[in-house]
Each structure stands twice: as structure tokens, then as C-alpha cells.
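Notes follow once the structure below has been shown.
Every number in this text was worked out from the coordinates using simple rules, so none of it is lab data. Everything numeric here is computed off the predicted structure, so don't read it as measured data. In this analysis, Cβ positions are derived from the backbone assuming ideal geometry, glycine residues included, and neighbour counts consider all displayed protein chains.
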Amino acid sequence: MRRRLLLTAVLVGAILPFLPLLLWSFAERWFYPALFPEGWGLRAWSYLVDTAGRQIIDGLVASFTLALATTALSLLLGIPAGRALGLYDFAGKRLLSLLLLLPIIVPPLAVAMGLHRWFLQLGLAETFFGVVLIHLSVCLPYTIFVLQGVFRDYNPDFEAQARSLGAGPLAVFWRVTLPLTLPGIAVAALFSFLLSWSQYLSTLIIGGGRTLTLPILLFALIDSGDRPVAAAVSLLFVLPALLALLAGAQALGRGNIEGVR
Amino acid sequence: MGELELRRLTVSYGERPVVAGLDLRVADGEIVALLGPSGAGKSTILKAVAGLLPASVGEIRINHQLVNQLPAERRDAVLLFQKPLLFPFLDVAGNIAFGLKMAGIGGRQAAARIAAIMAITGLDGLARRRVHQLSGGQQQRVALARGLVLAPSILLLDEPLSSLDAELRQQMRELIGRVQRETGTTMLFVTHDQSEAFAVSDRVALLLAGSLRQTGSAEELFYHPADREVARFFGGGNFIDGRIVGGTFAGASLRCPTARSDCATATAVIRPEELRLVESGGDNCLDGVVETVSFEGANSRLQIATAAGTFTLLAVRPEGRVGQPVVLHFPPERLHIFPCPEGGR
């Protein structure tokens, strides 16, 4: 009984918000005060596939490459940082933890505006790498935060044991550290991917309209007032995030969290 | 074939030396127990030998070859930690194969070696088992097999029995002994438990506060401790101060012959279980009063105050009561006299 209640709550909480979007994307005419659309059609979807198809695919590709690049860099920096913060005690550790969280405490608009000036001087504004960097300023704190927790419960003796059994530093990382921390790393990667995927303001400011990610297109369409099309793009926007989430949950479900106590 | 030699080995954590000036030799096929209280630096020595901690001073030689600069993965010594540390993402056979894979040994050769070592360690039929499905004793045996399969020159064991319960510990003790006989692997084995050290090893090295105090057979350390601290470690704290003149130790009205040369400040020691309560006084006896009696099961511990200090006696049965006057007999052949301290002649 309790389980069914929980399931219902999850379904209502997770699925219900998408219902209006679904309705809107198939609506031809829907005016106040009608509860449901008065005319149905595939205009929005055909617009998405035919008229704006090229743009949407470019947006998808841009968003995807950005999110992937950001996630990769985020893990590359976050794993050593999370490990250092999680495993070792050193002077200034608390201050450092606080500084690392600063980019997400300070309003993102302030961060993006501040960095924009600086990026202009460095020639990073309106470049792919510049946008990756600004996404990183949001993703990295979360990544480090998650990985710090992972490594706090990690037993580095596993690595020492592997070395004594003849594994070199690289083999230790690939064959011991990574498999042991994979569930945590999957969570961190997922966070990073989804955060980057849903960035709008920072992409707009640093990308200067040259990096057309899906959220940028989405806002433009919403602005144009064409609600069915905006709804269809929104659904398209959610889909990869949903897939990433499912893949992440899968990686977690495989969980052998022996090394992580 | 495996020989280990440590010369003046000093290992430090930061500035603080944990182990200082250690000299130790483990001969081929020998099993040496490194015994000491927790915090004495035993594990530090093993880690240094395995290459997981740098030696700040001194030499580590495996088969006469200096290995100080060799990284852990290339040293012909395998360290087994206190916990089994089995990789949870591999099954039993996968765990045992780990080191072989690192050494580039695979296929039929690896399979044969794994099968052989699993037979020796009593793991037959468990090859495809997930490690979390194993009992504590089985996990420890997989860990042992994972080290042994590499046939290292030296196997270093860091308290491999301390995480097991009493019965498993006994089984594992016997297994280590049997494996050692069957494979002839040289082993350096760390423990804080003296009975474990005595039962498993050929020789015992006692480590107190970061330095090696005495090395020898179990009986030597137990009955002929080198100094007061060693005697205390093995539970023998009955000291009698005296002097040696002309081949006789004399102190507190006790006398016993000794082969040691003259010494003005000699100390004799006697184990608590060697002291006797007798009916009436005679040679080598002291009058005393029972201070405390505590029943400890297999024996009872009595504290007896005498003119020459308080002595501890272990009796098989609880005899005497508090406040009772008694006569304490010191069998002279049971007295052990420490070497004369520097400047004591």
C-alpha cells in the first residue's frame, strides 16, 4: 500500500509536469478557458523536423558536445581535487572547500558578467572553449562536492595492495581506483552533464549568440510566442537529459560499493 | 629463493622517524615474526620493504640486490594487508589472477598456477564466487592466494589473522605454516600477539618503540630477555637488583651461579609462573605478604610484597588470601640475569 502510494507520488511528480507540454505540442488551437486543446495537429512537430530541423540538430550537437566536453574536463579536474579533499587533511582545507563552492553561491549572472570582461581580454569570449570554461565554473563545484564525499569513504589501501601485486600507477587508476569509485563518478558525471545541458544565461553571455545550444533556441522560440513549437522543443530538450539520467541510474544500480564503505 | 636483509633502516613520517636503525635478516625459506605492541612501527617496516613508503636511511636488500629505489610494483615482495582488500568488482579467480595479469602472464599458464594455489589454500570450487559471498576466513585465504600465486621472493604479512575470530585464526595459522612448508616462501610476518608470533615463526624479532630490541627463537626471547623492557613485554616483570662477584649473582638475600663476568649493577629476572610459594624459609627465599589475588581462569595472579619489592606470581590454583604472610621461593636455575649494563662493571 505504502509502496503504491510512493509510486503514484513519483509518477505524478515526475510525469504530470510534462502533460501540458505534451498537450501543447499537439495543439492547433487552444484558447482560454478551454481545459483541453480545441484542435489537434502535428504542425509543431513538422515545423521542428522540416523548417527548423537543421537548426535543431545543430543545437542538439552543440549542446551535446558542450556538455560532454564540460563533463570530461570536470571529471579530469574534479577527481584529483575530490580525492585530495576527501582523503587528506591539510592546512586551509575548509577555506579551500568554501572557495570551490563560491561560483555556485554567487549569483550566476554576476559570475558570467564578471568573467565576460576577462574572457574578452583573453580572447575566450564567443569561443567554444570559453563557453566550456563558463559551464565548468558551475559544474566543477558540484563535481568536486560529490567526489569529495566519494573519496571520504574510500580506502586507498586497495591501491597500495594493487601496487604491491605489481600494478603500475596507470594500471592502479584504471583497474582499481576507477572501478571502485565508478558509482560516485557516474553521479558526478551525470550532475555535470545535466548542469551544462541546462545552462542558458552563461552560454548566452559568453557565447554571445554564436554558440546556439538547445536552451538558446528554446528561449528564442518561446519569445516568438509560438507555444506548440516551444512545447515540442522543450520535450526534445528533456529527452537526452532523461536518457542520461537513466544511464546513470543503470551504472549506479550495478553498484558494487565495497571499496567505498 | 628469497632472502631479505635490512641494514640500518630508518623510515620517517615527515620529520619523525617511526623506525630507526633497524638491522634484520630473513634467510631463504624462513618465516620471521616481527612482534611488537601497536604503534611500534611494525607495519611501517613492511610498507618500506614493499616499497610503499620510502626508506629515509639504510638499505633494503632482496636476494642481495639493493631495492631502495625500485618502485613497489617492481619489487619482488608482496605485502598482504590486515584486511583482505579483495577487489569487489572481480570474482575469486579474477582477484587471484590480478598480479599475474599485471606481470603479463595469462592463458593456460596463469590458469594452471591459479588452480594450483587455490588447491593449496583450500579454495577449490570457489573460482567464480563473488568476493562478498565469501566468509571472512575465505576472504583471507583468497588474499593469501593472490599474493602466493606470484611466487614472490618475500611475502610480507601485516597482521593477517587479527581480523579473524579465534577458531578461524587457528585454522589460518596452520594454513600459513603449511603453505610455508609446501611452497618454501620466505615470510616476514607482523603481529602484536606473542602466541601467534611463537606458533607461526621460525624466529621472532621484537620491536619496541621503533627499534629492534631482540631477535631469536621464541624460547630465547621468552626465557632469556635481553633487557627489562623485553622481559616486561612478555609479562615477566619480577626484577631483583644485585651484583655479580666471582660467578655468583647476589641480591636481596638470593644467590645463584652465573656464567656472566663481574658486574656491580646486575639485574636478575624471574617469570611469574616460575615463582613458588613454600611452607618454610630456606635458601633463595623471601618473606612476604599477599597484597592482591586475582583469579584469571587458567591461573591466578598474586601480588606479593617483600622487603626487596613487590613480586608477581602466577599460580595454577588461587592460593592464599590478601594479608596472608607467605614465603616466596626463587628457584635459582630459573633466574635469568641480564647482560651487564654499560659502565656497570
inquiry  = Translational diffusion coefficient of region B:98-144 at 25 °C, 0.890 mPa s, Stokes-Einstein with Kirkwood Rh over Cα pairs, in µm²/s as a whole number.
reply    = 216
request  = Determine the distance separating the Cα centre of region A:112-152 from the Cα centre of region B:270-285; give it in Å without decimals.
outcome  = 81
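At 37 °C and 0.692 mPa s, what whole-number value in µm²/s does Stokes-Einstein give for the translational diffusion of region B:289-345, with Rh from the Kirkwood sum over Cα pairs?
Here the translational diffusion coefficient equals 251 µm²/s.
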query = Taking one equal scatterer on every alpha-carbon of region B:132-184, how large is log10 of I(q)/I(0) by Debye at q = 0.16, 0.24 1/Å?
reply = -0.46, -1.01
inquiry  = I'd like the per residue volume of the convex hull spanned by the Cα atoms of chain B, given in cubic angstrom.
reply    = 164
remark   = Counted neighbours (other Cβ, 10 Å), sorted fewest up, put A:TRP45, A:TRP118, A:TRP40 in the order A:TRP118, A:TRP40, A:TRP45
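Determine one quarter of the surface area of the Cα convex hull of region A:56-224, which equals its mean projected area, and express it in nm² to one decimal.
11.5
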task = May I ask for the distance between the Cα centers of region B:46-75 and region B:193-209, given as a whole number of Å?
result = 23
ask   = Hey, if you put +1 on the Cβ of every Lys and Arg and -1 on every Asp and Glu Cβ in the protein assembly as shown, which of B:VAL78, A:LEU133, B:VAL245 ends up farthest toward the positive end of that dipole?
value = A:LEU133
key: Calculated [θ] (222 nm, deg cm²/dmol) that DSSP helices of n ≥ 4 give over chain A, each run adding -39,500 (n - 2.57)   = -23500 deg cm²/dmol
remark   = Taking only the Cα positions of region B:88-220, the convex hull volume per residue in Å³ is 127
inquiry  = Using +1 at the C-beta of Lys and Arg and -1 at the C-beta of Asp and Glu, which of A:LEU19, A:ALA52, A:LEU7 has the Cα lying farthest in the positive direction of the dipole of region A:1-60?
reply    = A:LEU7
key: B:VAL326, A:VAL12 arranged by Cβ crowding within 10 Å, fewest neighbours leading   = A:VAL12, B:VAL326
task = Please arrange B:MET172, B:MET1 by counting, for each residue, the other beta carbons lying within 10 Å of its beta carbon, fewest first.
result = B:MET1, B:MET172
query = Considering every residue in B:81-92, what mean count of other chain Cβ atoms within 10 Å of its Cβ is obtained?
reply = 5
key: Over region A:56-224, relative contact order from alpha-carbon pairs under 8 Å, at least 6 apart, %   = 43
query = How much mean residue ellipticity at 222 nm does chain B get from its helices, if each DSSP H run of length 4 or more adds -39500 (n - 2.57) and you divide by all residues, to the nearest 500 deg cm²/dmol?
reply = -7500 deg cm²/dmol
ask   = What spacing in nm lies between the two simple spin-label points modelled at B:GLU333 and A:ASP226, each 7 Å away from Cα in the Cβ direction?
value = 11.1
key: Cysteines (scope chain B) whose Cβ has no counterpart Cys Cβ under 4.7 Å   = B:CYS256, B:CYS285
ask   = Based on the Cβ-Cβ distance of A:LEU178 and A:LEU99, what FRET efficiency does E = 1/(1 + (r/R0)^6) give at R0 = 25 Å, to the nearest 0.05?
value = 0.35
query = Hey, what's the Cα Rg ratio for region B:1-138 versus the globular rule of thumb, 2.2 N^0.38 Å?
reply = 1.22
key: Kirkwood hydrodynamic radius (C-alpha pairs) into Stokes-Einstein, the protein assembly as shown, 25 °C and 0.890 mPa s, D in µm²/s   = 81
ask   = In whole angstrom, how far apart do the alpha carbon centroids of region B:104-165 and region A:179-239 sit?
value = 50
